[in-house]
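Data block below; observations after.
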Amino acid sequence: MLVPRERPSPQPEEGLLLRLAAARSRQEVLNHLLEGMPGLRGLALWGEDGTRLIAWAGERQEHPADLMTMSDEPEYWLSPVPAIIFPPEILAVAELRLLYLDAQETSVRLGNNLATLTAAAKTDALTGLPNRHALEADLKRVEAAGNPFAVVFIDLDGFKAINDRYGHALGDSLLKGYGLWLCRVTGPWGRVYRMGGDEYLLLMTDFPGPPEDFQVWAHERLQIPFVDGVSASIGIAWRHEHTSISEVMRLADLRMYQAKAARSGRSDARQTDRRTAHSAVTQGNGVG
């Protein structure tokens with residue numbers, strides 16, 4: 001009759017290897033080494049040729065004592081108290097885990113940096129509002145969804161006179177304040193963009209009513225004087241009014257300049273160059 005043999009328990013060294021391989025931080029690596037090596041009272045991890053203290057466990061060391069390398073081409077150095085000899089396989093697994101944790105940390109840092117740069121590229125530096133690049137991405141998204149939406153071009157009337165009279169500091173404050181006010185007025189119905197200078201754009205995707213109601217709301221809320229001497233001219237166009245987004249953008253821009261000309265009594269001869277510039281928002285990036 002065969003009697004099942006009990007599986008031998010892992011040796012302490014084998015258990016230490018497993019713990020090192022699963023360590024989630026440099027500190028855990030050192031803690032496992034300290035706990036797994038008999039007689040060890042303290043252990044420090046050093047980098048940069050043993051000149052920079054990275055972490056420690058047990059007794060604190062202000063200066064490296066009995067530095068030992070972890071491999072032939074080391075990235076890290078250890079200083080144990082008291083000085084002991086580590087089995088080579090222990091050092092190899094510990095260093096591999098440390099290198100893996102470094103690579104993981106670098107990947108997260110690079111990902112965060114990329115996210116920060118991406119956000120900055122789509123944000124207006126002065127107002128913190130989304131900019132033209134953000135608008136391009138959002139237009140592609142809403143177009144793909146196939147939902148109705150409106151674009152509203154907004155141009156401030158009287159801003160240049162305020163800026164020239166009181167200086168750019170006040171002008172910048174006015175631009176930031178107006179952007180904040182637009183966001184509050186728009187609420188959850190859409191998104192506000194700064195197109196440059198004193199020009200803004202609303203992308204309205206969730207207005208709770210038909211186009212006629214939105215037209216009334218926009219003229220009542222968006223054209224009121226923001227400060228003394230400064231108001232806004234607006235132009236609205238809906239997605240269903242044209243087959244391409246670029247033409248919808250041009251239509252909203254045209255209507256904005258017609259409104260500006262009607263309020264000022266001046267010719268709208270500036271429209272052509274302005275609309276050509278705005279077409280780059282869509283045509284130059286494949287939207288439409």
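The values are calculated or read from the model by the stated rules, or taken from the named source; none is laboratory data. The shown structure was predicted, so the numbers you read here are calculated from the model rather than taken from an experiment. Methodologically, a virtual Cβ is constructed for each residue, glycine included, from the backbone with ideal geometry; neighbour enumeration extends over all protein chains shown. The protein model used for the area step is the full one, side chains on, heavy atoms only, and it has no ligands, DNA or RNA in it. Shrake-Rupley method; radii C 1.70, N 1.55, O 1.52, S 1.80 Å.
One table, with the values for the structure above:
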item: Residue identified as modelled with pLDDT of 90 or more and under 10 Å from the mean Cα position of the chain (by Cα) among Thr118, Thr127, Thr123; result: Thr123
item: Unique residue being in contact with a strand residue (DSSP E or B) (Cβ under 8 Å, 6 or more places away or on another chain), closer than 16 Å to Ser233 by Cβ and of a type outside the set (Asp, Glu) when the list is Leu135, Leu182, Leu139, Leu203; result: Leu182
item: Subset of the stretch 231-255 [open to solvent by less than 60 Å² (accessible area, probe 1.4 Å) and over 33 Å from the mean Cα position of the chain (by Cα)]; result: Leu254
item: Count of residues meeting criterion [surrounded by 14 or more Cβ atoms within 10 Å (Cβ to Cβ) and touching a Gly at 6+ places or on another chain (Cβ under 8 Å)] in the stretch 198-225; result: 7
item: Residue selected from the stretch 158-170 under the condition surrounded by 18 or more Cβ atoms within 10 Å (Cβ to Cβ) and under 32 Å from the mean Cα position of the chain (by Cα), by the criterion nearest to Tyr193 (Cα to Cα); result: Phe159
item: Which listed residue is modelled with pLDDT under 50 and small (Gly, Ala, Ser), from Ala269, Ala261; result: Ala269
item: Subset of the stretch 38-63 [open to solvent by less than 20 Å² (accessible area, probe 1.4 Å), of a type outside the set (Phe, Trp, Tyr) and part of a strand (DSSP E or B)]; result: Gly42, Leu43, Ala44, Leu45, Gly47, Ala55, Ala57
